[in-house]
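Just below is one structure, and these are the notes that go with it.
What follows is calculated from the coordinates using simple rules that are stated; it is not laboratory data. None of the values given here were measured: they were computed from a predicted structure. Heads up, the Cβs are rebuilt from the backbone with ideal geometry, glycines too, and the neighbour counts pull from every protein chain shown.
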Amino acid sequence: MTSAYTSTVDIARPAGDERTAEQWARAAWEDAPAPLRAFLRVGWRCLGLRTRPGPGRVLGWTVASSEPGRVVLEAPSSLLTVRNTVDVGSRVRWTTTVRFDRAPARALWAIAAPVHAVVIPWRLREAARRGSGRHRLVTTFQRRVGNPVLSRLPGQVLLETTGRRSGLPRHTPVGGRRTGGEFWLVSEFGTRSQYVRNLQADPRVRVRLRGRWHRGTARVLPDDDAVARLKSLPRLNSLGVRALGNDLLTVRVDLE
């Protein structure tokens, strides 16, 4: 795409970070404070960009392509063509290219560009800071306090995976809901969660529901709208996942 405007923001990737490019894009936009998200939506509307919520979208933007190291986001408009590309390697690079398709587009983007130049670097820095610090804090608490206590409660739902290195059963307290022959849950840290890594290595799992174990096959569903999915799951747990998580990922277990 030949562009009339190009900007690139480049930051260091935190040590140990394993988020995909799409997860970085979601952390930057979808984890932004609610007033900022509303402001962005209004600004995009003023530019003529047509964004809408739905599965597989990032704050309304269409995921044109997604690989672990690169995601491309697009939104249609009759005035201009905008593409946001996030590349993840040793560093995280966010590139925005804009093509002016009609005369008013240049004037509109002249107003939007200074805001864009401030928002993207800020949100990437926040994604880097909160992604590493919050994840360590929450997972340390879960591993040392939360999981051992909750696992002993008779009514607690447990997900049993097989340790990808040890080969031993691993029990994780989860909040989810059974719907027919399926059990749904949302991981707050996506593929950085240990149990998600385990079930990706071996999808054969067990789920303890009301004291009874059920065998099943787990699948991660990155195209599912995890925020919308949380609304159909137990409310208290969903509030915690939404508040603490920053890489929400839907997981479905097909029960035998």
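Sequentially through segment 187-199, phi angles give Karplus couplings (6.51, -1.76, 1.60; θ = phi - 60°) of 7, 6, 10, x, 6, 7, 5, 4, 5, 5, 4, 5, 6 Hz, Gly and Pro residues having no value and appearing as x.
Against the main long axis of the alpha-carbon atoms of the chain, helix 34-46 sits at an angle near 40°. Using the rule -39500 (n - 2.57) for each DSSP H run of four or more residues, divided by the residues of the chain, the 222 nm mean residue ellipticity is -11000 deg cm²/dmol. For Cα extents along the principal axes in Å, computed directly from the structure shown, the correct entry in (i) 50, 39, 33; (ii) 48, 44, 41; (iii) 65, 37, 29 is (iii). Close amide H contacts of Asp101 (hydrogens built in the peptide plane, cut-off under 5 Å, sequence separation of 5 or more or a different chain): Leu80, Thr81.
Since only Leu158, Leu221, Gly43 are under comparison, the one whose Cα sits farthest along the positive direction of the charge dipole of the chain, derived from C-beta charges on Lys, Arg, Asp and Glu, is Leu158. Look at the dipole of the chain built from charges on Cβ: of Gly54, Leu239, Ala34, the Cα furthest out on the positive end belongs to Leu239.
A crude spin-label estimate for the pair Ser7 and Thr217, with each label 7 Å from Cα along the Cβ direction, gives 4.7 nm. Placing +1 on the Cβ of every Lys and Arg and -1 on the Cβ of every Asp and Glu, with nothing else charged, gives the chain a dipole about its Cα centre of roughly 700 debye. Temperature 10 °C, viscosity 1.306 mPa s: under these conditions the Stokes-Einstein estimate for segment 182-256, based on its Kirkwood radius over C-alpha pairs, is 126 µm² per second. What trypsin sites (Lys or Arg not before Pro) in segment 1-110 are in a loop by DSSP, with at most 16 other Cβ atoms within 10 Å of the Cβ? The qualifying sites are Arg50, Arg102.
Over the chain, Cα pairs under 8 Å with separation of 6+ residues give a relative contact order of 18 percent.
Its relative contact order, with pairs defined as Cα atoms under 8 Å and 6+ residues apart, puts segment 154-255 at 35 percent. Please give the helix 103-141 orientation as an angle from the longest Cα principal axis of the chain, in degrees from 0 to 90, rounded to the nearest 10. For helix 103-141, the angle is close to 20 degrees.
Between Arg165 and Glu67, the contour length at 0.36 nm per residue exceeds the alpha carbon distance by 32.7 nm.
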